[in-house]
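In what follows, a single structure is set out as structure tokens and then discussed.
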Amino acid sequence: MNTHYRLLFLTLIALAGATAVRADSYKIDPVHSRILFKIGHFGVGNIYGRFDSFSGDITFDQNDPSKDAVNVEIKTDSVDTNAPARDKDIRSPDFFNAAQFPTATFKGKSFKKIDDKTYEITGEFTLRGVTKPLILKTTLIGTGPGPKGETRTGAEATGTLKRSDFDVKAFLPAVSDEVGLIIAVEAIKQ
């Protein structure tokens, strides 16, 4: 093999190795993503809601979860339970206190690979200035091209938190302490 081809061959191997170890960065597409919650109501039903304004980024390396990262910021005043009067109450100091604490955040700290499609993400959730651990069971849905040729990836995560941990105690126990979360994300590779 002459020197020119050998150099080209070694360069290609080096580039392939660099690509294999580089984690991919994504931005959450809020138009195709949802952050939903449910909370028990008088022990007879569940109230569902969502947040309409949020953003975030994801770093994902399928071969090395130690390189993974998730950062999400939620605008607390964007809560929507399909009941304007209730939403006003939820934004009040009794619940989110959105005027004083306009954002809630989640920062993924560790990622445990369960299988090729399932991860357990342990992170810190901050609401009303209080930070507590939160575990999200996350299922990867897929990766593929979007309508403009961009690479998209999707996942859905579920978790549970206690609102009293964040000093949100209004109407306990009529409105349950436990809050279920469903986070459906589609993200665009950067």
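Per-structure values
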item	result
On Cα atoms only, tilt of 3-21 relative to the major axis of the chain in degrees	10 degrees
Spatially proximal aspartates and glutamates relative to LYS113 (Cα-Cα < 12 Å; intrachain offsets below 8 disregarded)	ASP61, ASP64, ASP68
Pairs from LYS109/LYS189; LYS27/LYS112; LYS112/LYS162; LYS137/LYS162; LYS67/LYS162; LYS107/LYS148 whose Cα-Cα separation, in the structure shown, is over 27 Å	LYS67/LYS162; LYS107/LYS148
For the chain, calculated [θ]222 nm from helices alone, where every DSSP H run of n ≥ 4 adds -39500 (n - 2.57)	-4500 deg cm²/dmol
Square roots of five times the Cα gyration tensor eigenvalues for region 83-190, Å	30, 17, 13
Top positive-direction residue, dipole computed over region 23-189 with Cβ charges, set PHE54, PHE171, SER110	PHE171
For region 23-189, size of Cβ-based charge dipole, Lys and Arg +1, Asp and Glu -1, in debye	160 debye
q = 0.09, 0.12, 0.20 Å⁻¹: log10 I(q)/I(0) that the Debye formula gives for the chain, counting C-alpha atoms only	-0.41, -0.65, -1.40
Percent RCO, i.e. relative contact order, over the chain, from Cα pairs under 8 Å lying at least 6 residues apart	23 percent
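Readers should treat all values here as calculations from the given coordinates under stated rules, not as data from a laboratory. Model, not experiment: these values are computed from the prediction. Virtual Cβ from ideal backbone geometry, glycine too; neighbours counted across all protein chains shown.
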